[in-house]
Amino acid sequence: MVRIWDHLRPMDNERAYREQIARLYERSSFYRDKLRAAGFGDAAAVGGLDAIAKRTPVPEVSIGLVVSHGSKSAPFTIAGGQTGTTIQKGERPCKGSLEAPFDAVLQIIGRSVSLEEAVASARAKVQGSATLVRKLPQLFDLAERRRPPAG
């Protein structure tokens, strides 16, 4: 199991990562509801992207992901296939990659912010194929737990 803070620990970012998750859980009813629906009763229960990775067939893609925090970053490769989503430490050659802070990654995966909005607001950077990076939400369960339209 790959947890982002396990990779960031050598860079002293475990506390910062946990604070980011706690802040999202505390201040955003949207993400709190999504995380609760995904089975996370509180911020401490959120392990990392692997905890919300799909375990069912997903598009066969390989996307680079660099989770940034200030001047530090942690690279991952997110791969989809018949057995679901896998997350590996380190960036491998991919046709498209996304660099963003973890909260922006969650917003993109949860489809509360489009990739284009995140890039336009300078919260995320895409290298290579944006079309490929747009498939990232399909690889995680969080994207399917959208809030029903108000009505």
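The values are calculated or read from the model by the stated rules, or taken from the named source; none is laboratory data. None of these values were measured; they are calculated from a predicted model. Here the Cβ positions follow ideal geometry from the backbone for every residue, glycine too, while neighbour counts run over all protein chains shown.
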(request) Considering only the stretch 91-143, state which residues are exposed (fewer than 15 other Cβ atoms within 10 Å of the Cβ), assigned to a helix (DSSP H, G or I) and out of contact with any helix residue (DSSP H, G or I) (no Cβ under 7 Å at 6 or more places or on another chain). (result) E116, E117, A120, T131
(message) Take the residues in the stretch 41-57 that are crowded, with 19+ Cβ neighbours inside 10 Å and part of a loop (DSSP other than H, G, I, E, B); name whichever of them is modelled with the lowest pLDDT.
(response) G48
(message) Scan the stretch 73-81 and tell me whether some residue there is among the small types (G, A, S), surrounded by fewer than 20 Cβ atoms within 10 Å (Cβ to Cβ), over 15 Å from the mean Cα position of the chain (by Cα) and at pLDDT 85 or above.
(response) yes
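Confirm whether E60 is acidic (D, E), in a loop (DSSP other than H, G, I, E, B), at pLDDT below 90 and farther than 22 Å from E19 by Cα.
No; evaluated as a whole, the condition is false for this residue.
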